[in-house]
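Below: the structure, in structure tokens.
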Amino acid sequence: MKHNLRLTIASLLSILFLTFHLTDDIVRGFENGGVKNITGVLILVVWLYGTLVLAERRSGYVIILLGSLLGSGVPVVHMMGSGLVGGRIANSSGVFFWVWTLIALGVTALFSVILSVRGLWSLPWRRPLQPKGLQKQQAPTSQTSGMP
């Protein structure tokens with residue numbers, strides 16, 4: 001499987017798991033579901049655009065890297081408080097799905113971080129100064145071999 005296809009799949013899965021998690025938080029009442037969530041939706045749209053439209057470009061790798069770092073931080077934030085099943089979540093139904101989405105999000109997002117860094121590292125560090133179609137034709141150089 002190509003490196004870029006793995007990155008696209010991992011990034012799309014991370015986006016999916018993050019939407020599952022955000023939706024689950026809203027349904028359980030942990031998030032209010034108001035206009036404040038537009039910021040999260042905009043972040044997901046930019047992440048999705050970077051994954052699907054800007055694939056194999058430096059800007060796409062950077063967007064995926066930033067989104068994946070954000071996604072891999074969500075499980076960490078939840079583990080720092082009362083733990084994954086402590087606090088208000090312990091007494092609610094569907095705890096398995098909530099914990100599973102957090103773990104799946106952490107795994108796929110961290111995998112996306114690794115693949116996007118690898119993709120950025122494999123890109124050439126400098127772009128050509130002129131587009132390929134506008135490069136000047138180089139005249140063939142004649143080499144003197146000492147023969148008349």
Practice prompt. Quick one: E31 ticks every box in (1) without any contact (Cβ under 8 Å) to a residue 24 or more places away in the chain; (2) in a helix (DSSP H, G or I) except a single one, so which number is it?
Written response: (2)
Worksheet, complete the sentence: Out of (1) surrounded by 15 or more Cβ atoms within 10 Å (Cβ to Cβ); (2) of a type outside the set (A, V, I, L, M); (3) in a helix (DSSP H, G or I), the one K36 does not meet is (1)
Worksheet entry | Single residue of region 92-106 satisfying the filter (part of a helix (DSSP H, G or I) and either out of contact with any Leu (no Cβ under 9 Å at 6 or more places or on another chain) or at positive phi (or both)) that is modelled with the highest pLDDT | G106
Worksheet item: Going by the structure shown, is I89 modelled with pLDDT of 95 or more, crowded, with 18+ Cβ neighbours inside 10 Å and of a type in the set (V, I, T)?
Response: no
Discussion item. What's the total number of residues in region 1-28 that are within 25 Å of S59 (Cα to Cα) and in a helix (DSSP H, G or I)?
Written reply: 17
Worksheet item: Which of the following residues is over 17 Å from V113 (Cβ atoms) and either within 11 Å of the chain's Cα centre (by Cα) or surrounded by fewer than 16 Cβ atoms within 10 Å (Cβ to Cβ) (or both): R58, R28?
Response: R28
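The values are calculated or read from the model by the stated rules, or taken from the named source; none is laboratory data. What you see is a predicted model, and the numbers here were worked out from it, not measured in a lab. Glycine also receives a Cβ, built like all others from the backbone with ideal geometry; neighbour counts cover every protein chain displayed.
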